[in-house]
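Derivation of every value follows stated rules applied to the coordinates shown; laboratory data play no part. These figures come from a predicted structure and were not determined experimentally. Glycine gets a Cβ as well: all are built from the backbone with ideal geometry, and neighbour counts include every protein chain shown.
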Amino acid sequence: MTHSVDLLRDLPFLRKVDSRLVSYNIEMTEVTGGTFWKEYTPQQIEGRESFSVSGLTGDFTAVADLMQYYPPIDLSHPRLRAAAKALGPAWVRVSGSWATKTYYDFEGTTKGTPPEGYASVLTKEQWAGVLDFVSAVGAKLLISVSNCAGDHPGGGPLDLTQTKKIFDFSHAYGVEIDACEFMNEPNMLEFSGAPKGYTAEDFVRDQDIFNGWVREHYPNCLIVGPCTLGDGALGKGDVKRMGAGIGSGMKICSTHDLLQGARVPLDVFSYHYYNGVSERLASVMPSGHWNSEDALSDAYLSVATENVKTYLPLRDRYVPGSPLWVTESGDAGGGGNTWASTYLDVFRTLNELGSFASLTDGVIFHNTLASSDYGFLRHTTFSARPNYYAVLLWNRIMGQAVFDASSLCEKDLKVYCHSRKDGAEGMAYLVINTSEEERSLRLPGAAEVYRLSAETLRSPILQLNGEDLAPDVEFASFSPVPRRVAEGSFSLPSTSCAFLVV
């Protein structure tokens, strides 16, 4: 056993973080129904079967090996709403690459067939369902709008017909769009969904058109951008370290390219973070994929931190003083790794929250709430996955005041310290032990312990203090039971995490 680590009370104060730090995406393709990342088999999730893809075309949303069709999500489902409400205050982002090519048929004229230049159709009833969901769970709404060939008649600048339609409908419905990004991942020029031949200069022009209209007509709506990923790997060879593998096989441009010369200032700076590319994309983007054997390594867990450190200077340059929002976040681009829905990804998820809060203030939008293997909840059934319970406990235990616990961290041991969520005097600690050894922690007082573990690293069932957390619990009445530990020491087993309230 290694030497003990003291959990100190007197740590330097860093900042207060956003109460909606833990937020999430609902992809536009979920709302309309359509293709999304193909579900892994149970054997693939257990690590006993490989995933391969025969090839990648210019439109990855149509590759059969990668995608399958999903019907529209039922946003009125009581279990889904209860699970979202239990998380507490959050932002909901409705966007994704599919949103860039979605036509808003609020008049009911298309009969489900997208007009020329678009790829999917959003009905009035479907968008009303989104607005009802946002209202029911007490969330705030962030969207991106369409920016495809259909929005550029004659190949000219952005036409605002679609933009006006979705903003005005939402306003008339009584649920405002609280924030907007012009389009999803505009620096991925080949896969963004924008018109063929679309350039960074075109984006700057059209973003100003869009942002200028929003600022004039909906001044309370936050303008967010530029919604990019992979800047840290541009011109560098180590794309894995920056989680930028999804951009390694295509032409991408930089955040600078998308913001230089813009006339309408942003309110919030945004970027996307994935820890790499999933098995679905590994065969065509091998340099960006991490194997499961590396998922507990310091190198793997540091990717989220390196992304924050890359984008903070860009934020300071282009939107100084603004919050930093990660408007898509997950273990791997391409729907998540085979272990995204298991205990193994809990370490990355909790470490991302802890490290982000120690560096800056903002919001992290997990991709997704209830779709594909990286969803907090399984699609259709809305049963809870390990990551859901992990962030639920974070929201129940970790307060907004953040303290500098970097002096307590060691190799394979991460420690984060916040105020108590209940407002009582004392501290709340998150301790992550990724080593194969038990770690001894000396406590500054009596503690309540919430220890997370599982029977195996790839288990779909999370355990709290040794007891299984049922995937189909009644979320509204869920009340985690802590283990009470007297003042002294606490031993944290190998490959486990613990929240300690002192």
Measure nothing but the geometry: give the 0 to 90° angle between the long axis through the Cα atoms of 124-136 and the longest principal axis through the Cα atoms of the chain, rounded to 10°.
30
With the contact rule set at Cα under 8 Å and sequence spacing of 6 or more, what percent relative contact order holds for segment 18-400?
18
How much length, in nm to one decimal, is gained on full extension between His171 and Ala476, taken as 0.36 nm per residue of separation minus their Cα-Cα distance?
106.8 nm
What number, rounded to the nearest 500 deg cm²/dmol, is the helix-based mean residue ellipticity at 222 nm of the chain, given -39500 (n - 2.57) per DSSP H run of at least four residues and division by all its residues?
-7000 deg cm²/dmol
Of all trypsin sites (Lys or Arg not before Pro) in segment 65-111, which ones are in loop regions per DSSP and have a Cβ with at most 10 other Cβ atoms within 10 Å?
Lys111
List the pairs from Lys101/Lys165; Lys85/Lys164; Lys16/Lys309; Lys38/Lys165; Lys16/Lys411; Lys85/Lys111 whose alpha-carbon separation is above 24 Å, in the order I gave them.
Lys85/Lys164; Lys38/Lys165; Lys16/Lys411; Lys85/Lys111
For segment 95-155, calculate the relative contact order in percent as a whole number, restricting contacts to Cα pairs under 8 Å that are 6 or more residues apart.
41
Please identify every one of the trypsin sites (Lys or Arg not before Pro) in segment 179-216 that sits in a loop by DSSP and has no more than 16 other beta carbons within 10 Å of its own beta carbon.
Lys196
Which three semi-axes in whole Å describe the equivalent ellipsoid of segment 18-400, each the square root of 5 times a Cα gyration tensor eigenvalue, listed largest first?
28, 23, 22
Rounded to whole Hz and in sequence order, give me ³J(HN,Hα) for segment 152-160 from the Karplus expression 6.51 cos²θ - 1.76 cosθ + 1.60, θ = phi - 60°, writing x for Gly and Pro.
10, x, x, x, x, x, 4, 9, 8
Net charge of neighbours whose Cβ lies under 14 Å from the Cβ of Met427, counting Lys and Arg as +1 and Asp and Glu as -1:
-3
Return a whole-number percent for the relative contact order of segment 448-502, with Cα pairs under 8 Å and 6 or more residues apart as the contact set.
49
Cβ-based net charge around Ser494, under 10 Å, with every Lys or Arg adding one and every Asp or Glu removing one
-3
Per DSSP, the loop-located GluC sites (Glu not before Pro) within segment 20-55 having at most 14 other beta carbons within 10 Å are Glu49
For the pair Glu216 and Arg317, what calculated FRET efficiency results from E = 1/(1 + (r/R0)^6), where r is the Cβ-Cβ distance and R0 = 35 Å, to the nearest 0.05?
0.85
